[in-house]
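For reference, the structure is listed below as structure tokens.
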Amino acid sequence: MTDETTGTTRRALMSAGVTAAALAVAVPALAGQSSKGAASAKGGTSGKSQGSGYLTLRDGTRLFYKDWGTGQPIVFHHGWPLSSDDWDAQMLFFLGQGYRVIAHDRRGHGRSTQTSAGNEMDTYAADVAELVAHLDLRNAVHVGHSTGGGEVARYVARHGGGGRVAKAALIGAVPPIMVRTEKNPGGLPLTVFDGFRQALAANRAQFYRDVAAGPFYGFNRPGAKASEAVIDNWWRQGMTGGAKAHYDCIAAFSETDFTEDLKKIEVPTLLLHGEDDQVVPIDDSARLAIKLLKRGTLKTYPDLPHGMCTTHAEVINADLLAFIKG
């Protein structure tokens with residue numbers, strides 16, 4: 001971060017609060033979704049309308065979601081500026097393991113309404129609560145990556161009681177807070193996030209391309225082999241959402257303080273973080289968050305990037321599965 005006062009786009013690329021695009025990877029045969037396989041996961045409830053659909057929220061926003069399988073529910077929360085497609089590798093894997101998997105496009109993202117208002121964490125968490133109630137999810141595991149990790153923290157802390165939540169997992173997540181403040185002197189200066197906004201407003205398409213092709217997956221590291229398909233998929237998801245919502249969400253992921261949320265979480269919580277995360281640096285996030293959780297476990301990965309759910313899906317999926325089963 002020593003060059004944070006240089007060009008806007010470079011500044012944005014080195015520390016953007018974004019999340020990984022999903023890449024199809026080898027998963028167990030989906031025959032595991034049979035009634036016998038589904039019965040292996042405990043605590044499930046059947047969905048009201050499985051497959052995919054839209055839920056009209058209290059303010060008229062239409063929220064797109066996917067709901068596959070039966071068994072114990074796992075709810076996946078994507079990050080900025082992506083969509084539920086970010087979780088393809090995890091959704092297919094856990095579906096094959098006999099779980100019910102749910103993921104939504106956050107308001108303003110993906111196929112959901114391109115909202116001009118409500119693009120902040122309190123509303124995001126309330127939206128999730130409406131979706132959970134609509135699908136009558138209980139004993140669920142909530143998994144969030146980057147910005148989605150902040151959404152999970154706020155949802156579980158404020159709406160996760162009454163048997164709704166069994167466990168939580170935060171992967172490369174933004175809590176406790178990204179921006180530098182008096183209480184968080186190690187955070188990133190506000191000028192960095194101002195740079196994100198400037199880059200988005202000036203040329204969103206190029207900005208998103210550069211993020212995916214650079215630090216998000218570690219493709220900017222010496223010797224890294226970039227995947228054009230992964231880059232294209234990240235760009236596709238980002239450009240599907242609304243520019244206004246994405247612009248507003250920068251403040252949501254960077255300036256929201258999740259300290260009190262983390263303190264309130266009662267359920268077992270797993271933190272997974274790459275030690276070479278150039279987007280959400282581990283020392284400013286997971287290593288602080290673990291100190292605030294009552295029942296937290298931190299697992300780190302040397303050399304892995306922010307987008308490790310895609311680049312190392314087999315590793316992350318196995319560790320998530322062990323946590324959920326444990």
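A short reminder: the numbers here are calculations on the coordinates, not readings from a lab. Nothing here was measured: the structure is a model prediction, and the numbers come from that model. With ideal geometry, Cβ positions are generated from the backbone for all residues, glycine too; neighbour counts draw on all protein chains shown.
Would you mind telling me the antiparallel percentage of the DSSP bridges in the stretch 8-325, rounded to 5?
Details: 10 of 35 bridges.
Within the stretch 8-325, antiparallel bridges account for around 30 percent of the total.
Which of SER116, SER83, SER227, SER146 has the fewest other C-beta atoms within 10 Å, and how do the rest follow up to the most?
Values: SER116 11, SER83 24, SER227 17, SER146 32.
Result, fewest neighbours first: SER116, SER227, SER83, SER146.
Relative contact order, percent, of the stretch 150-235 when contacts are C-alpha pairs under 8 Å separated by at least 6 residues?
Values: 44 pairs, mean separation 14.1, N = 86.
Computed over the stretch 150-235, the figure is 16 percent.
Give, in whole angstrom and from largest to smallest, the semi-axes √(5λ) of the equivalent ellipsoid of the stretch 174-326, with λ running over the eigenvalues of the Cα gyration tensor. Numbers along the way, then the final one.
Numbers: eigenvalues 133, 95, 40 Å².
Semi-axes (√(5λ), whole Å): 26, 22, 14.
Would you work out the relative contact order for the stretch 8-325, in percent, from Cα pairs under 8 angstrom that are 6 or more residues apart? Please report the intermediate quantities before stating the final value.
Details: 747 pairs, mean separation 73.5, N = 318.
Worked out over the stretch 8-325, it gives 23 percent.
Expressed as a whole number of Å, what is the distance separating the alpha-carbon centroids of the stretch 120-190 and the stretch 235-295?
Result: 8 Å between the Cα centres.
Please report Rg over Rh for the stretch 8-325, where both radii come from the alpha carbon positions and Rh follows the Kirkwood definition. List each step's numbers first, then the result.
Details: Rg = 17.8 Å, Rh = 19.0 Å.
Using only Cα positions, Rg/Rh for the stretch 8-325 is 0.94.
Taking the Cβ of each residue in HIS246, HIS273, HIS306 as the centre, tally the other Cβ atoms inside 10 Å and list the residues starting with the fewest.
Working: HIS246 22, HIS273 26, HIS306 31.
So the residues, fewest neighbours to most, are HIS246, HIS273, HIS306.
Shape call for the stretch 238-307 from the C-alpha gyration tensor, a ≥ b ≥ c root eigenvalues: rounded (a/c under 1.5), prolate (a/b greater than b/c) or oblate?
Values: a/c = 2.36, a/b = 1.35, b/c = 1.74.
Since a/c reaches 1.5 but b/c is at least a/b, the shape of the stretch 238-307 is classed as oblate.
Taking the beta-carbon count within 10 Å as an exposure proxy, list ASP319, ASP303 from fewest neighbours to most. Walk me through the numbers on the way to the answer.
Values: ASP319 17, ASP303 11.
Fewest-to-most ranking of ASP319, ASP303: ASP303, ASP319.
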